[in-house]
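A.B. asks: Please find one structure pasted underneath; my questions will follow.
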Amino acid sequence: MTLSPIHASRVRQDRVAQEDLLLFVNACFACTGQREFYGDGHGQRVSLDFLHRYILGNYRALYAQVLALGVNHMNQALIVKNLLATGRDTPAAHRARENALVTRALHTLPTHRAMHLLEDLAKRGVNNRRTRALTQRYLADARSRDFRAVKYRRSFRRAAVHAHAPFTGELGPFMLRGLKERRFTTPLFESFRQAHFAASAIYDLPFTVAEGLAQKHGVRREVFLERIGPKLTHHERLRLSGAREAAGIAADVDWSRQPLARIASYTLSLSLAERDERKVELAGAFEASAARAIRRTAARFGRVACVLDRSFSSYGSSEKRQRPLAVALAVAQFLRAASDSFLGLWTHPLSPGGELMVTPRGATDLATPILAALRHRPDLLVVVSDGFDNDPQGLAGQVLEAGARLLPRCFMLHLNPVYDSESFAPKALSPAVPTLGLRDAEDVPTLVSIARFAAESGTMAELSRELDARVRAFLDGAS
């Protein structure tokens, strides 16, 4: 059947739109604008800025919907900022949904990211009606207003003044007079005031605020760490666990509340001797976190083989130390818990201590473990690598292409935690295998769904339906 010129043109436009969107989503999962092993941070930022401008200018509705896909926080904040700064370009038919997405995304960002975003909008002079309304609602949230005002006082004040947000209650005296005020009835404000004069008051403050004041008062570190314990967040408990244990304080970390990649990064930060000594505890931490992730994502796979890159480039950079290796380790733990049968193969054999003792090592030979994985005839083959296959160069892609022909029922996927600024996407191993950017192990089910869609050459209408479903689920979480 021959397509009419108009229909053929529409098909080509849809295909270009799909490819552009998948390219952008890839970048938003993997790129953080920081230095990588093979690339500097400046190149990443320039490349990413171009992609954001291109997608925003050509596919504004799709650009906003990417907020619902779970891309990394830096890119979520950048999307929100760009949408707010260009509000006049929003078509009337899309305004309500875009507003809902922007509002929901702002409230799901970590507090420090959201506050810095609002401060940046003020610095850039973005002051339209929608931005003011969004800023006012966010700052007025009664559940966390006082906390944000204390911990992010400068950002809070600048954003509030810029958005003409009213300083209700004691916010005015706190922001404008600060320590000159004689007394506050708001407990957190009064604790902040007293903590500048009495060391005993610092333990009623958030850790990051109290830490500086403890140094001002000359409080010994071990005393401070013990008494501030009840105020620590889950992330702070993990980050300070080593220091607290050195001071003779129980770490008290709820491992199930920690993301897998964070546990992996923590594990890799330990010496090999420490890992060996704590291997039972660390294995239990991965198991608890993975079980919680499986319950949350409802992920389930059949026979899975996973090829994991531990070559020297998995060290990452000084800004993202061992991040690629940590992501690979986290993915292995997630897929092991989510599959009926799991086979994990690393680019270099592991020591007798197993995965917990993994370190960056040697060149990147992906072909050998991929061949071994294919012999097991898995339902799903996942390769976690930065894509720089060099032992020998390009052989892994040829093996994957041959495997795709010989095992048509095996779905193959390359997950890449590293962004390549020159290609505007994570570096691919082969055109025959979908390559997607990866942020955290918990993103794997979403990425598998996206990769299957890309591999099956779905239509733009199907992609729109999938995005609509993701958006509804994302927005429903606000209720």
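The values are calculated or read from the model by the stated rules, or taken from the named source; none is laboratory data. Only a predicted model underlies this, so the values are computations on that prediction, with no experimental measurement involved. A quick note on method: Cβ atoms are made from the backbone with ideal geometry, for glycine too, and the neighbour counts reach across all protein chains shown.
A.B. asks: Please give the number of the condition Glu319 fails out of (1) part of a loop (DSSP other than H, G, I, E, B); (2) under 25 Å from Ser341 (Cβ atoms).
C.D. replies: Single failed check for Glu319: (2).
A.B. asks: Of these, Gly125, Gly43, which one is out of contact with any helix residue (DSSP H, G or I) (no Cβ under 7 Å at 6 or more places or on another chain) and either charged (D, E, K, R) or assigned to a helix (DSSP H, G or I) (or both)? Write out each step before concluding.
C.D. replies: Numbers: Gly125 fails: either charged (D, E, K, R) or assigned to a helix (DSSP H, G or I) (or both).
None of the others qualify; the one that does is Gly43.
A.B. asks: Being under 20 Å from Glu466 (Cβ atoms) and surrounded by fewer than 18 Cβ atoms within 10 Å (Cβ to Cβ) narrows it down to one of Tyr59, Tyr63, Tyr38, Tyr54, so name that one. Can you show your working first?
C.D. replies: Numbers: Tyr63 fails: surrounded by fewer than 18 Cβ atoms within 10 Å (Cβ to Cβ); Tyr38 fails: under 20 Å from Glu466 (Cβ atoms); Tyr54 fails: under 20 Å from Glu466 (Cβ atoms).
Result of the check over Tyr59, Tyr63, Tyr38, Tyr54: Tyr59.
A.B. asks: Could I ask something else about it? Could you list all residues from region 206-246 that are in a loop (DSSP other than H, G, I, E, B), closer than 21 Å to Arg145 by Cα and in contact with a helix residue (DSSP H, G or I) (Cβ under 7 Å, 6 or more places away or on another chain)?
C.D. replies: Those that are in a loop (DSSP other than H, G, I, E, B), closer than 21 Å to Arg145 by Cα and in contact with a helix residue (DSSP H, G or I) (Cβ under 7 Å, 6 or more places away or on another chain): Pro206, Leu232.
A.B. asks: Follow-up question, since we're still on this one. Kindly establish whether Leu345 is out of contact with any Gly (no Cβ under 9 Å at 6 or more places or on another chain), in contact (Cβ under 8 Å) with a residue 40 or more places away in the chain, assigned to a strand (DSSP E or B) and over 25 Å from Cys31 (Cα atoms).
C.D. replies: Yes, satisfied.
A.B. asks: May I ask you to say which residue of Lys180, Lys231, Lys216 is basic (Lys, Arg), within 27 Å of the chain's Cα centre (by Cα) and not assigned by TED's automatic domain parsing to the domain that holds Ala328?
C.D. replies: Going through Lys180, Lys231, Lys216 in turn, just one is basic (Lys, Arg), within 27 Å of the chain's Cα centre (by Cα) and not assigned by TED's automatic domain parsing to the domain that holds Ala328: Lys231.
A.B. asks: Further question on the same structure: Could you list, in sequence order, the residues of region 185-198 that are buried (at least 18 other Cβ atoms within 10 Å of the Cβ) and over 36 Å from the mean Cα position of the chain (by Cα)?
C.D. replies: Matches in region 185-198: Gln194 only.
A.B. asks: If the requirement is being closer than 21 Å to Leu205 by Cβ, hydrophobic (A, V, I, L, M, F, W, C) and not assigned by TED's automatic domain parsing to the domain that holds Leu205, which of these qualifies: Leu134, Leu171?
C.D. replies: Numbers: Leu134 fails: closer than 21 Å to Leu205 by Cβ.
Exactly one residue qualifies, and that residue is Leu171.
A.B. asks: Still on this structure, I have one more. Which members of region 136-169 meet the condition of being surrounded by fewer than 18 Cβ atoms within 10 Å (Cβ to Cβ) and in a loop (DSSP other than H, G, I, E, B)?
C.D. replies: Ala140, Asp141, Ala142, Arg143, Ser144, His164, Pro166, Phe167, Thr168, Gly169
A.B. asks: Moving on. Out of region 87-114, which residues are touching a residue at least 12 places away in the same chain (Cβ under 8 Å) and more than 25 Å from the chain's Cα centre (by Cα)?
C.D. replies: Passing the criteria: Gly87, Arg88, Asp89, Thr90, Pro91, His94.
A.B. asks: Report the residue count in region 401-431 for those that are over 25 Å from Lys320 (Cβ atoms) and buried (at least 24 other Cβ atoms within 10 Å of the Cβ). Step through it out loud before you land on a result.
C.D. replies: Step one: list which residues in region 401-431 are over 25 Å from Lys320 (Cβ atoms), which gives 401-412, 430-431.
Remaining after also requiring buried (at least 24 other Cβ atoms within 10 Å of the Cβ): 412.
The number of residues fulfilling the criteria is 1.
A.B. asks: Now for a separate question. Based on this model, can you work out whether Phe207 counts as surrounded by 14 or more Cβ atoms within 10 Å (Cβ to Cβ) and either in contact (Cβ under 8 Å) with a residue 60 or more places away in the chain or over 31 Å from the mean Cα position of the chain (by Cα) (or both)? Before the answer, list the steps.
C.D. replies: Numbers: surrounded by 14 or more Cβ atoms within 10 Å (Cβ to Cβ): yes; either in contact (Cβ under 8 Å) with a residue 60 or more places away in the chain or over 31 Å from the mean Cα position of the chain (by Cα) (or both): no.
In short, no.
A.B. asks: Please state which one of Leu117, Leu101 is surrounded by 19 or more Cβ atoms within 10 Å (Cβ to Cβ) and within 30 Å of Leu188 (Cα to Cα).
C.D. replies: Residue meeting the stated conditions: Leu117.
A.B. asks: Which members of region 223-258 meet the condition of being touching a Ser or Thr at 6+ places or on another chain (Cβ under 7 Å) and closer than 27 Å to Ser318 by Cα?
C.D. replies: Across region 223-258, the qualifying residues are Ala251, Val253, Trp255, Gln258.
A.B. asks: Just for region 432-457: of the residues that are in contact with a helix residue (DSSP H, G or I) (Cβ under 8 Å, 6 or more places away or on another chain) and part of a loop (DSSP other than H, G, I, E, B), which one is surrounded by the most Cβ atoms within 10 Å (Cβ to Cβ)?
C.D. replies: Only one residue fits best here, namely Leu438.
A.B. asks: A further question follows. Filter region 215-257 for residues that are within 18 Å of Glu281 (Cβ to Cβ) and of a type in the set (D, E, K, R); which is surrounded by the fewest Cβ atoms within 10 Å (Cβ to Cβ)?
C.D. replies: This residue is Asp252.
A.B. asks: Taking the criterion of being in contact with a Ser or Thr (Cβ under 7 Å, 6 or more places away or on another chain) and in contact (Cβ under 8 Å) with a residue 40 or more places away in the chain, would at least one residue in region 166-182 satisfy it?
C.D. replies: No - not one qualifying residue is present in region 166-182.
A.B. asks: State yes or no: is Arg303 without any contact (Cβ under 8 Å) to a residue 24 or more places away in the chain, closer than 21 Å to Glu442 by Cα and either outside any helix (DSSP H, G or I) or out of contact with any Ser or Thr (no Cβ under 7 Å at 6 or more places or on another chain) (or both)?
C.D. replies: no
A.B. asks: Here are some residues: Ser289, Ser351, Ser318. Which one is buried (at least 18 other Cβ atoms within 10 Å of the Cβ), polar (S, T, N, Q) and either within 24 Å of the chain's Cα centre (by Cα) or closer than 17 Å to Arg275 by Cα (or both)? Reasoning before the result, please.
C.D. replies: Numbers: Ser351 fails: buried (at least 18 other Cβ atoms within 10 Å of the Cβ); Ser318 fails: buried (at least 18 other Cβ atoms within 10 Å of the Cβ).
Criteria check complete, one pass: Ser289.
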